1. How many residues, within the range 80-123, are part of a helix (DSSP H, G or I) and touching a Lys or Arg at 6+ places or on another chain (Cβ under 7 Å)?
2. Taking the options 151, 159, name whichever one is more than 16 Å from residue 103 (Cα to Cα), part of a helix (DSSP H, G or I) and in contact (Cβ under 8 Å) with a residue 12 or more places away in the chain.
3. Just checking, does the range 41-48 include any residue being in a helix (DSSP H, G or I) and over 22 Å from the mean Cα position of the chain (by Cα)?
4. Determine whether residue 165 is among the hydrophobic types (A, V, I, L, M, F, W, C), on the phi < 0 side of the Ramachandran plot, at pLDDT 85 or above and surrounded by fewer than 13 Cβ atoms within 10 Å (Cβ to Cβ).
5. Could you please find all residues in the range 162-186 being closer than 23 Å to residue 69 by Cβ and either in contact with an Asp or Glu (Cβ under 7 Å, 6 or more places away or on another chain) or part of a helix (DSSP H, G or I) (or both)?
6. In the range 124-148, what residues are assigned to a loop (DSSP other than H, G, I, E, B) and small (Gly, Ala, Ser)?
7. Scanning the range 131-161 for residues that are surrounded by fewer than 18 Cβ atoms within 10 Å (Cβ to Cβ) and basic (Lys, Arg), which turns out nearest to residue 27 (Cα to Cα)?
Amino acid sequence: MASLKELRGRITGVKSTRKITNAMKMVAASKLRRAQSQAEAARPYAEAMGRMMAELAAASRGADASSLPTLLGGTGKDQVHLVVVLTSDRGLAGGFNANIVRSARQLIRTLRDEGRTVRLLPVGRKGADILAKEYPDLVVERVAGTEGRDVGFDKAEYVGKKIVAMLEAGEIDRCTLIYNRFVNAMTQIAIQLPLVPLSVAENDNAAPAEAAQYEFEPDEATLLANLLPRNLQVQIFSALLESAAGEQGARMTAMDNASRNASKAIDRLSQKYNRTRQANITNELIEIISGAEAV
């Protein structure tokens, strides 16, 4: 049985831990409000940009495939796939990073079973550490995340230019982005978003009827060549904002659970401490009474 001194030390330690987790929960909650508003504000723009690209792509279907930008149709091959994985730079966020890495593993396994070659571009230290350890030969570059600071467009711009450079150099044929979409503080959904080639499947049925309502100036191919790189960066930027909001929500929830568990542990240890103390007092009284009777 633990002594009173050991129990007091454990109670003090758990109380210190609870103070830390409570502080981290409040910090995450304050950051979550800002990150959530930024993610929600970026969604309509990213979705509208995606719809516009889909309409331009639908209007360009009759054009020669070789004249279309590679961001639209890829390289014409389907052999080398680049997987961009967005995770956080810091831990203590529950299953936030584990869900993304699990989704990445599933996609890698599926592509390899189909005979495809996989390349990895992890963004964020946590995912990079895990993936570099499991798939050291697949990682083309490790990109630092936001380190808990506000997400800047320069990060999305860098990743977008990296993808375009690899695509134009013929190093990859397709690209998929994996990130956590923010739903609420307790829920983040792992999303696999195809970036290259541009997906227009959801517009297939409406494209023939709607395409005639638009006239593009300059021509569709020129517009696509100028707007597709920007759309790529916008989609990555939106994913970064979603991931940042999801990280703070996951951390706030994880720290709240940790604080609750610490409070329960303190209650159990306090109860054990009181019982041990009472037992010691009882034993001392018995010894005193026994000694008095002996005299």
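The values are calculated or read from the model by the stated rules, or taken from the named source; none is laboratory data. As the structure is a computational prediction, the values presented were derived from the model and not from experiment. Methodologically, a virtual Cβ is constructed for each residue, glycine included, from the backbone with ideal geometry; neighbour enumeration extends over all protein chains shown.
1. 1
2. Criteria check complete, one pass: 159.
3. Yes, the conditions are met somewhere in the range 41-48.
4. Criteria met by residue 165.
5. 162, 163, 164, 165, 166, 167, 168, 173, 174
6. Residues satisfying the conditions are 124, 144, 145, 148.
7. 149
A quick yes/no check of all residues on (1) buried (at least 17 other Cβ atoms within 10 Å of the Cβ); (2) in contact with a Leu (Cβ under 9 Å, 6 or more places away or on another chain):
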{"residue": "260", "(1), (2)": "no, no"}
{"residue": "263", "(1), (2)": "no, no"}
{"residue": "269", "(1), (2)": "yes, yes"}
{"residue": "272", "(1), (2)": "no, yes"}
{"residue": "276", "(1), (2)": "no, yes"}
{"residue": "283", "(1), (2)": "no, no"}
